[in-house]
Every structure is written in structure tokens, then in C-alpha cells.
Amino acid sequence: MYRLISILFISLLGACADEEYSIEGKWIQANVSGDNITFIRADSLTEDNFGFELDANNELTRVQLVGFCGTEPIQFETVRGKWNQVSDTSFNIEYPFWRGQGKDLFHIKKVYKDSMIVVLLEKDVIKK
């Protein structure tokens, strides 16, 4: 009886543990609140909103503004770059943009099945 209760208890503990989800995938920016940036996992990137895809080969696809101006009409472009997971709680992305080459370092606050909350820690620009 003790063994049965122990197995049941351990099973329940495992069911209550946080599941870990990969940051690989397609992410659309959904919200910015203070330093927190929330991305929603998507089946595909859109051409009218910020987002990126982090693939298994460390290739980055990023949807970003064409230029510096954020007034209407806003135009987006898709560029290719690289990404890598620096640690369990951070990753960086490298990509071309209108000022040169960008490199962003993000802190991962939480990854859920369908969303991810990050904080931009560093933004570097190598000018053209």
C-alpha cells in the first residue's frame, strides 16, 4: 500500500511540474509592456507585424521595418540572419537592417506552449 501511494504521489508531482518548451519556431510580437516583450507562437510569419523565426539550424528569419520611420504607411521587410542560444535564459539574433548589421541579446523570462516573454538586454549596431 505504501508503495502504491508513493508511486501515485511521485506521478502527481511530475504532472504539476512546469513543462519546458523550445524557443525554436515562429514568433509574432503581440505586446510590449515596460521591458517585457510578449511573442505569440505562430504557424507562419506575417508581412505586417514584427516577428522572427528561430530554426533548428540557427538560421533566423526576421520581419522588421524597412527603414527608420514608424509613421503610416509602415512598411515591413523580411531578412535572413543567424541566432544562437547563449544560455538556458538568453539568446541572441544577428540580422541586416537599414543602418548596418544588428545584434540583439534577449533574456528569456518564460516560454509557454503558445507564447514567450523576453526582455531586450542589449542592442548593438555595426554601421555600414
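The values are calculated or read from the model by the stated rules, or taken from the named source; none is laboratory data. Since the model is a prediction, treat every value here as computed from it, not as a measurement. Note that we place each Cβ from the backbone using ideal geometry, even for glycine, and neighbour counts take in every protein chain shown.
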Quiz prompt | Top-ranked residue of the stretch 52-72 - restricted to ones that are hydrophobic (A, V, I, L, M, F, W, C) and out of contact with any Phe, Trp or Tyr (no Cβ under 7 Å at 6 or more places or on another chain), ranked as surrounded by the most Cβ atoms within 10 Å (Cβ to Cβ) | solution = C69
Quiz item: Pairs under 8 Å by beta carbon, first residue at negative phi and touching a residue at least 60 places away in the same chain (Cβ under 8 Å) in the stretch 90-119, partner part of a loop (DSSP other than H, G, I, E, B) and of a type in the set (G, A, S), six or more apart or different chains?
Solution: V111/S22
Exercise. Could you look through the stretch 16-51, keep only residues that are of a type in the set (F, W, Y) and out of contact with any Phe, Trp or Tyr (no Cβ under 6 Å at 6 or more places or on another chain), and pick out the one that is farthest from V86 (Cα to Cα)?
Key: F50
Practice problem: Could you pull out the residue among D55, D48 that is modelled with pLDDT of 95 or more and of a type in the set (D, E, K, R)? | Solution: D55
Quiz item: Can you tell which of E122, E72, E59 is over 18 Å from the mean Cα position of the chain (by Cα) and acidic (D, E)?
Solution: E72
Self-check item: Pairs where the first residue, in the stretch 20-31, is more than 10 Å from D114 (Cα to Cα) and without any contact (Cβ under 8 Å) to a residue 40 or more places away in the chain and the second is hydroxyl-bearing (S, T, Y) and surrounded by 14 or more Cβ atoms within 10 Å (Cβ to Cβ), C-beta under 6 Å, 6+ apart
Solution: N31/T38
Practice problem: Within the stretch 58-84, count every residue that is aliphatic (A, V, I, L, M) and more than 15 Å from E94 (Cα to Cα). | Solution: 3
